[in-house]
Structure formats: C-alpha cells, structure tokens
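The next block holds one structure in the form of structure tokens; read it before the comments.
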Amino acid sequence: MEMPTVILVWAVEEKAEENARAAAITINNNNGGGNNQKKRIFQIEAFKNRVVVDPKYAEKTWKILEHAIHEIYNHNASGLSFEELYRNAYNMVLHKFGEKLYSGLVTTMTAHLKEISKSIEAAQGDLFLEELNRKWNDHNKALQMIRDILMYMDRTYIPNTHKTPVHELGLSLWRDNIIHSGKIQSRLLSTLLELVHRERTGEVIDRGLMRNIVKMLMDLGSSVYQEDFEKPFLEVSAEFYRRESQKFIECYDCGDYLKKAEIRLNEEIERVTHYLDAKSEGKITNVVEKEMIANHMMRLVHMENSGLVNMLLNDKHGDLGRMYNLFRRVPNGLAMIRDVMTSHLRETGKQLVTDAERLKDPVEYVQRLLDEKEKYDGIISLAFSNDKTFQNALNSSFEYFINLNSRSPEFISLFVDDKLRKGLKGVSEEDVEIILDKVMMIFCYLQEKDVFEKYYKQHLAKRLLSGKTVSDDAERSLIVKLKTACGYQYTSKLEGMFTDMKTSQDTMQGFCSSHPELTDGPTLVVQVLTTGSWPTQPSITCHLPFEMSALCEKFRSYYLGIHTGRRLSWQTNMGTADIKAIFGKGQKHELNVSTYQMCILMLFNNADRLSYKEIEQVTAIPASDLKRCLQSMACVKGKNVLRKEPMSKDIGEDDSFFVNEKFASKFYKVKVGTVVAQKESEPEKQETRQRVEEDRKPQIEAAVVRIMKSRKVLDHNNIIAEVTKQLQSRFLANPTEIKKRIESLIEREFLERDNSDRKMYRYLA
C-alpha cells in the first residue's frame, strides 16, 4: 500500500481586527489505479477568542534592543543572543511598533555618536586622525551588527514608510554628528591638507591612514568628499603650484624646469593612486598642467639658450620628448611647439639654400639637406612619437625652402650623378637603396620635377655613354622609384636610354661580324641614340681624323643598309676615345680623352707646334669647347700632355701648343678629363630654363583639353585649379602661362568662350 502525498499550502491573511491564520490541507490518495482519487479538505479556523498583547510589550522589547545597541557600541556584543534580538525586533515590527523601533534607533545612535565626537575632539596632534579612523571602524562594525538585528525592519517597514535604511542612516548620523561637527570639520580639513603639503615638501606621511580617512569621506557620499576635501584641496594645490612654478622658472633653464614639472605631475598621479578618489586624478593633473605648463608655455618655448630652438639645434631628444609629452596635455600646447619648430626650420633652411658660399659645391649642398632631413626625422620619431602633424609641418617646411633655390633640381641631379658615378663604390646594395630613398624624399619636395628630369637625363646620358656608372641595378632602381613617384610617362625616355644601350651592343656585334678586316686598325664603338630619348642638341660635327672618318662612313653604310627610313647624325661632342701615345724618353701611355681631344692630339702626329687658330681651323671644334679641351690638356698638372706658350691658366687665341715630351705618370692608363664647370653657367642655365618652359606648353594644353573634354563647360578659376592639380606631380604650373595656353587653344578652335559669360569656356568637339 502506497503512502499518501501531502501538499501543504500556507497563506497569511491580516484582518483589521485580528491576526488569523488559515491552512488548507489537500490530501491526495494515490492507490495506483490511475484517475481514482479521493480529496479531503480540512478547514482550520481562527481562534474564537482575541489574542491580547501586553500593553507594555513594546517598551519592554525596545529596552532589550536598546541595551543590546549600548552593549554593541561598548564592545560587549559577545554575550548577546542575536537570534533572540532579531526575534524581538521582528515582533515589534509585526505588532505595528516599527516607528518606535526606528526612532529609538536614531536617538540611541545619535547619543553614542555625540560621545564619540567628544573623544575624537580630545585627541591631540597626530592622534586626531588615528582616533577618528579607529572610531569610524568601530562605528562600521557596530552598524553591521545593528543592521543584522533589524534586518526585518530594513526589509519591510523602511521601504513601506520611505525612511532611510539602517546602514545609510548610520552613515548620515556619522556625517552630521562627527564629520560636520563644528570642532571636527575644519580641523579634519586642515590636518589633511597639512599632510599633503608635508608630503609635497619631501616628508614621509602615513599613506595608509590618509587612505582610510579619505575613503571614509567617499563612503559618506561623493558630495561629502568633494565639498569637505576635494574642492579645498584643489584650491590649495593651485596656489602651491602657482608659487612653485614662479620660483622654478626664475631659477632653472627650460630643460630642468620641464623635469621638475614632470616629477610633480607624476607625484600627483601617484598620490591619487595611493589615497585619493580615482576621479580626482583628472582634476589635480589639470591644476598642475595649468599652473606649471599652460601659464608658462610661451616663456618656456622661447627661453634664451635653453628653449625649444636650443633643444632642436643640440639634438636634446630627452628634453624635446618631455616638452612634447607635457605640452600635449594643455590646450594649444603642441600647436605652439609645432609653430616654433616650423618657423626655425624654415629660417635655417632658407639660409642653407640661399647662402652663396654653400652653393659652390652642389653635392655638399644636397648632403646638408639630407642631413637636416635625417636630423628632424629622428627628432619626430624619438621625441614627438611620430606625430603626423609634426611630420606634415616638416614636409611643408622642406618644400618651402628647397624651392626657394631654383637650382635645387640641378643640384639634386648632380648629387645623384656623383653617387652613381663614383660615390657608391664598395657600398652594399642595402646601403645603396637607403641613399636612393633619401634622395627620393628630397626629390618629392621639388615643385619643378620636370627641371630635375632635364638635368638627370643629361647626367645619365654622360654616365651611360662613358661607361662610368657604378651599378646598372642602382640606376634602374632609381628609375623605378621615379616612376612610382611621378608615373610611367616621367621615366619612359629614361628607360628608352637603357634600351638604346642594349640595342647598340647588338648593332656593333653585327657591324664587327660584317667587317672582319677592321680588327687590325682603329676600333670604332658606336652608340645609336634615339632622338627624343636622349638630351642631344644640334651641334656642328667636328672634322674627324681620316682614319676615324673612314670607319664612321663604313658604319653609316652598314646601319642604313639594315634600317630604312632612318638618318644618322654624329654627336662628336658626346664621344670618348682611347689613344696610345709615346713621349720623349719612349714612355708609353694610353690616354682616355674626349672625341674633341682626340682630334686635337692626332694633329701632332704631323706637326710639332700648332697655334690655337690653326687647331680651330682644322678641327672645326666650337670655340668654347676647344678652349676647355686645350686647357685640360695643357694647364692641368698631371694631365698636361701638351704645353703652351705663353704659360697661363687661360687659353688665348694667340697661344701656340706642342707635345709635352717630359710628360710622366705612374699609371699606364691616364684619364685626361675636360675642364668643365660642375654646375651650369648662367647662359647654359637660361638655355635649359627656356627648353623647360617650351616643353611645359604642350603639357599644359594637353591637361586643359583633357579636363574640358570630360567637363564640357567650365569657368576660368576651376580650369586653373584643375590644371595645377593635374600637373603638380611634374611642375607647379604658372596661372599666367595656363591663361596663355587657353588663349592659344581658343585661337585653334579647341575651346570657345561663352557669349554671356566671358569667364566660362566650352569644349569644341
């Protein structure tokens, strides 16, 4: 037989006149038969007679609880029965004596706190905070016990009557009777501020005690912490740092002042970590930043012999980094550093590119630019955290002063020429790439990149034709970098020059194969250059020696025989020659000379002495080139294979020349260079500039047509802006020149002006 299942459901119902309890008991008999169930309901009725409560019950019960509270505050809680106390408090609330219980609690706690207040007030000196901390801890322990006893009141009576919960009540009473006590409040504040001041002046204080007291203020509410401590603390701190900053700035230089400010800032952050509210960190650091940095920014940056400019000049990365990190914390701090740095950089850069003495050596000129760039890149990387705004300021400054010197494109090309001709010998490929990358950084600042292209093409041509380039890989690497920066059109002709060199090798192999009889006589090596790819200029072909002119005619016949529709013109000003010479005592040397110099020297096979005019007449070399050739062969020590009369450094039209029989050199092979200015002369410079301006005209016109073809109708100002933008990768277009090109296009009926608005242009298909 199975046991019955009993389910008890209790319900408590409060009636106005009495408390009654009822219980419904449902008994289900389960006999295993499925749905056959019998239900029996028992009704328990309330007491017939009313339960009478002792009239003095509330007073007696409160006395028990009051005594317990006294014992708790007197540290005698070990003898109390918390279960019995909880039941008494529970019954008082249940029997509608919650108000008496609550008001009694307030009165009792207030009385104890007044006694505690007197004890704290009596503490002297350093014992004041210790006593306050000890009493606070005791109060918290007592409050926890009282809260446990009155838990039922806390959960039922207090929410229903909207009174302050027991724990919050204890904190409020502590605040009103202790912290806001007339004798304690001001004393507590002055004691705390005094301890902070002592710590700032180097004394060691009890941080643990400070942390406990400050936490007490925070536990009493954020308003208590802010009004009773934080606000006065910030005011006193501001005054402290105002005086200290004034004292420091009179006594220390900029670097030392910044160190002091950094130390003070870190001390305040550490102070917050140890015993202040975390929310105070931003407020106290703002005070330090304002008083020690923001109020003295201008004076610090411009401080004589130690300010920002001095730091930049002397690479004081530590001080610069400290200034950056401190100034970034205040409004407009970084902007001030950036502006002063930019102004200084532009001024020093302007001096660098305009000083006539420094412009004498183009290679040294560019090297100084690279050194300056590397210096400031290091400063921005190490001191300014790679700040993009500082990098932009650096770039704009370099672009500003590099373009102040119209010869910067030429000088950069000469620098590259020097490095790729001789400067990079023995340097690893990685180092070559680093040097080329640095050059490209400077190149990107050029506004007239087409001018650089002109000079670079000339210098590259000389390197390729003379075979003096150090590395073809380095040459091609730089061209790839130029193509990446400026587009394929910029380097198409440069790449064509390399193509011509390779094609010329194949052509010479074919020529030599078809003329095997030439192996015994003079050897001719011809580089066939495509007009347009190479910087060739129309030049007068000099009169070559008979032996060489015969070879040249044979090559011309061979070349035109395999290529139809082409024309060859000899560029004798761009050639070189190796000739063997025997001097007075039978000394044999192989001289490496230019084609012009070869023509001159070959004349002395048939004459002992020749005048300048005779040489000029026979060779037909242009006067300027002839003088340079003669000067390099007669006036340069160690290369003077000729002698002249009268002896002087310059070549005159009345001079006469003869072979220097006493010429001697420890080398068998002697390179006789041509005396030529490394930089262009003023007339050459003007000629190059004119060629550049002429080359720009079709580029401007092409840009205008491209823009108008897509836009159909456009006003004058927008055309100027868009053309400038399109061409900025090659050069900075002059608005006046753009206007002239537009006029030219209108004349040729590519464009027309709008009839109603003369500043509006229309594209004519």
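The values are calculated or read from the model by the stated rules, or taken from the named source; none is laboratory data. Keep in mind that this is a model prediction, so the values were computed, not measured. Because the Cβ atoms are built from the backbone with ideal geometry, glycine has one as well, and the counts that use them run over all protein chains shown. Protein only, heavy atoms only, side chains kept; ligands, DNA and RNA dropped before computing areas. Shrake-Rupley method; radii C 1.70, N 1.55, O 1.52, S 1.80 Å.
Taking the Cα centre of each part, how many Å lie between segment 407-455 and segment 261-334?
Segment 407-455 and segment 261-334 have Cα centres spaced 41 Å from each other.
Decide, for segment 501-562, between rounded, prolate and oblate: order the square roots of the alpha carbon gyration tensor eigenvalues as a ≥ b ≥ c, take rounded if a/c falls under 1.5, and otherwise choose prolate if a/b is larger than b/c, else oblate.
oblate
Efficiency by 1/(1 + (r/R0)^6): what FRET value for S569 and A620, r their Cβ-Cβ distance, R0 = 22 Å, to the nearest 0.05?
So, using R0 = 22 Å, E works out to roughly 0.90.
Please report, in Å, the Rg and the Dmax of segment 688-763, where both are computed over Cα atoms only.
Reported Rg and Dmax, both Å: 12.1, 42.
Just the number please: accessible area per residue for the chain, 1.4 Å probe, all protein chains included, in Å².
Accessible area per residue, the chain: 55 Å².
Just in segment 321-421: which GluC sites (Glu not before Pro) are loop by DSSP and have at most 12 other Cβ atoms within 10 Å? Provide the component values of the computation, followed by the final result.
Details: sites: E347, E357, E364, E372, E374, E399, E410; in loops: E357.
Hits after loop and neighbour filter: E357.
Mind jotting down the three principal axis lengths of segment 470-591 based on Cα atoms? Whole angstrom, largest first.
Rounded to whole Å, the extents work out to 56, 41, 30 Å.
Over the chain, what relative contact order in percent results from Cα pairs under 8 Å that are six or more residues apart?
Values: 781 pairs, mean separation 43.3, N = 765.
Here the relative contact order equals 6 percent.
Given points 7 Å out from each Cα along the Cα-Cβ axis, report the T736 to A356 separation in nanometres with one decimal.
2.6 nm
In terms of the ratio Rg/(2.2 N^0.38 Å) built on C-alpha atoms, what value belongs to segment 584-685? Could you put the intermediate results ahead of the total?
Details: Rg = 13.5 Å, N = 102, 2.2 N^0.38 = 12.8 Å.
Output field value: 1.06.
Could you size up the charge dipole of segment 688-763 around its Cα centre, putting +1 on the beta carbon of Lys and Arg and -1 on that of Asp and Glu, and report it in debye to the nearest 20?
Charge dipole of segment 688-763: 200 debye, to the nearest 20.
What part of the accessible area of segment 688-763, given as a whole %, is carbon or sulfur when the probe is 1.4 angstrom?
Numbers: 2100 of 4510 Å².
Using a 1.4 Å probe with all protein chains present, segment 688-763 comes out at 46 percent carbon and sulfur.
In Å³ and rounded to a whole number, note down the convex hull volume per residue for the Cα atoms of segment 55-178.
It comes to 92 Å³ per residue, whole-number rounded.
Which value, in debye to the nearest 20, describes the size of the charge dipole of the chain about its Cα centre when Lys and Arg Cβ atoms bear +1, Asp and Glu Cβ atoms bear -1, and nothing else is charged?
1360 debye
Per q in 0.05, 0.09 1/Å, what log10 I(q)/I(0) does a Debye calculation on the alpha-carbon atoms of the chain return?
-0.60, -1.03
For segment 337-499, state the average projected area of the convex hull of the C-alpha atoms over all orientations, rounded to one decimal in nm².
Over all viewing directions, segment 337-499 projects a mean Cα-hull area of 9.8 nm².
Let me have the 222 nm mean residue ellipticity of the chain computed from DSSP H runs of 4+ only, each contributing -39500 (n - 2.57), with the sum over all residues rounded to the nearest 500.
-19000 deg cm²/dmol
Would you work out which of F248, V705, T595 lies farthest towards the positive end of the dipole of the chain, given +1 charges on the beta-carbon of Lys and Arg and -1 on that of Asp and Glu, about the Cα centre?
Checked the options; the winner is V705.
As a test of reading the structure, rank E694, E289 by solvent-accessible area (1.4 Å probe, protein chains only), most first.
E694, E289
For segment 183-331, compute Rh as the Kirkwood radius over C-alpha pairs and then the Stokes-Einstein diffusion coefficient at 20 °C and 1.002 mPa s; write the answer in µm²/s, rounded to an integer. All intermediate terms of the calculation are to be shown ahead of the outcome.
Values: Rh = 16.5 Å.
Answer, rounded: 130 µm²/s.
How fast does segment 360-414 diffuse by Stokes-Einstein, in µm²/s, taking the Kirkwood radius from C-alpha pairs at 10 °C and 1.306 mPa s?
The diffusion coefficient I find is 131 µm²/s.
Quick one: which of K373/K725; K375/K493; K260/K316; K483/K709 span more than 24 angstrom between C-alpha atoms? Each step should come with its number before you reach the end.
Working: K373/K725 26 Å; K375/K493 35 Å; K260/K316 17 Å; K483/K709 27 Å.
The pairs that break the limit, which is 24 Å between Cα atoms, are K373/K725; K375/K493; K483/K709.
Within the accessible area of segment 88-132, what % is carbon and sulfur when the probe is 1.4 Å and the other protein chains stay in place?
For segment 88-132, the apolar C and S fraction of the accessible surface comes to 57 percent.
Might you report the magnitude of the Cβ-based charge dipole of segment 183-331 about its Cα centre, with Lys and Arg at +1 and Asp and Glu at -1, to the nearest 20 debye?
Using Cβ point charges on Lys, Arg, Asp and Glu, segment 183-331 gives about 140 debye.
Mind jotting down the distance between the C-alpha centroids of segment 148-220 and segment 513-572, whole Å?
If you average the Cα positions of each part, the centres end up 104 Å apart.
Using label points projected 7 Å from each Cα along Cα→Cβ, tell me how many nm separate Q690 and I434, to one decimal.
Roughly 4.5 nm, to one decimal.
Share of segment 183-331's accessible area from carbon and sulfur, percent, 1.4 Å?
Details: 3440 of 7160 Å².
C and S atoms contribute 48 percent here.
Rolling a 1.4 angstrom probe over the protein chains, ignoring ligands and nucleic acids, what is the accessible area of R753 in square angstrom, nearest 10?
About 60 Å², ignoring ligands and nucleic acids.
Can you tally the net charge around A58? Count Lys and Arg as +1, Asp and Glu as -1, for every other residue whose Cβ sits under 14 Å from the Cβ of A58. Write down the numbers at each step before the final one.
Details: positive: K56, K60, K63, K96, K100; negative: D54, E59, E66, E99.
Residues close to A58 contribute a combined charge of +1.
Please compute the length gained on full extension between S406 and L94, using 0.36 nm multiplied by the number of residues separating them and subtracting their Cα-Cα distance.
102.3 nm is the gain from fully extending S406 to L94.
Farthest toward the dipole's positive end in segment 688-763, which of H716, Y761, Q726, given Cβ charges of +1 (Lys, Arg) and -1 (Asp, Glu) about the Cα centre?
Q726
Determine which lysines satisfy two conditions relative to K666: a Cα distance under 20 Å, and not lying fewer than 8 residues away in the same chain.
K580, K585, K588, K637, K639
Looking at segment 387-444, which trypsin sites (Lys or Arg not before Pro) are in a loop (DSSP not H, G, I, E or B) and have at most 16 other Cβ atoms within 10 Å?
K425
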